[in-house]
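Visitor: The following block contains the structure, expressed as structure tokens.
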Amino acid sequence: MFDIGFSELFVILLVGLIVIGPERLPKVARTVGAMLGRLQRYVNDVKADISREVELEELRKMKTEFEQAARSVEQSVSDELHRTEADLNRSIAPPAGTAENALADAPERPLETPPEGAPPAPAATHQDAHAPEAPAGAASATEETRAKA
């Protein structure tokens, strides 16, 4: 703390003995020692607080860097997932001009109701998927056939 040698300390004690006197010198020395101890503890506490603040700032910096790296990884994984999904969709899609594409490109026809007593309609086709639903309470031809059986 202070660069005081033995000879300088001896001079300070001699001046203190002359100024304060031999009766009060031990009490003053104890008080000065206690004050120097408090000062030293205070300085150590301030150093520890500063050290904690520096470490906390470093941790915040590391946290920010880690979050940026995590966002970057998440973005790259998301991009790769979208590319892979697009590749899979392209590989699954049938080539142009096939029967499936022709069926999908065909115009939708409205459903025709069979005349009374006609055989039941064939199973639903791709075009039937877009047909409007029958009103509530109306039985379809297939339901009537099932009920008769």
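The values are calculated or read from the model by the stated rules, or taken from the named source; none is laboratory data. Computed from a predicted model, the values in this text were never measured in an experiment. For neighbour counting, all protein chains shown are included, and Cβ atoms are generated from backbone atoms with ideal geometry for every residue, glycine included. For accessibility, only protein heavy atoms count, side chains too; no ligands or nucleic acids. Shrake-Rupley method; radii C 1.70, N 1.55, O 1.52, S 1.80 Å.
Visitor: Please tell me if ALA93 is modelled with pLDDT of 85 or more and open to solvent by less than 70 Å² (accessible area, probe 1.4 Å).
Guide: no
Visitor: Identify all residues within the stretch 9-35 that are open to solvent by 90 Å² or more (accessible area, probe 1.4 Å) and within 30 Å of LYS47 (Cα to Cα); write none if there are none.
Guide: Passing the criteria: ILE12, ARG30, MET35.
Visitor: Further question: One residue is enough: does the stretch 47-67 have a residue meeting the conditions open to solvent by 60 Å² or more (accessible area, probe 1.4 Å), within 30 Å of LEU13 (Cβ to Cβ) and either of a type outside the set (Gly, Ala, Ser) or modelled with pLDDT of 95 or more (or both)?
Guide: Yes, some residue in the stretch 47-67 is open to solvent by 60 Å² or more (accessible area, probe 1.4 Å), within 30 Å of LEU13 (Cβ to Cβ) and either of a type outside the set (Gly, Ala, Ser) or modelled with pLDDT of 95 or more (or both).
Visitor: Does ALA102 qualify as being surrounded by 10 or more Cβ atoms within 10 Å (Cβ to Cβ), modelled with pLDDT of 95 or more and in a helix (DSSP H, G or I)?
Guide: No: the conditions fail for ALA102.
Visitor: Specify which of the listed residues (ARG71, ARG109) is at pLDDT below 95, of a type in the set (Lys, Arg) and open to solvent by 100 Å² or more (accessible area, probe 1.4 Å).
Guide: Only one candidate qualifies: ARG109.
Visitor: Okay, moving on. Anything in the stretch 27-65 that is among the basic types (Lys, Arg) and either touching a helix residue (DSSP H, G or I) at 6+ places or on another chain (Cβ under 9 Å) or closer than 30 Å to GLY16 by Cα (or both)? List them, or say none.
Guide: LYS27, ARG30, ARG38, ARG41
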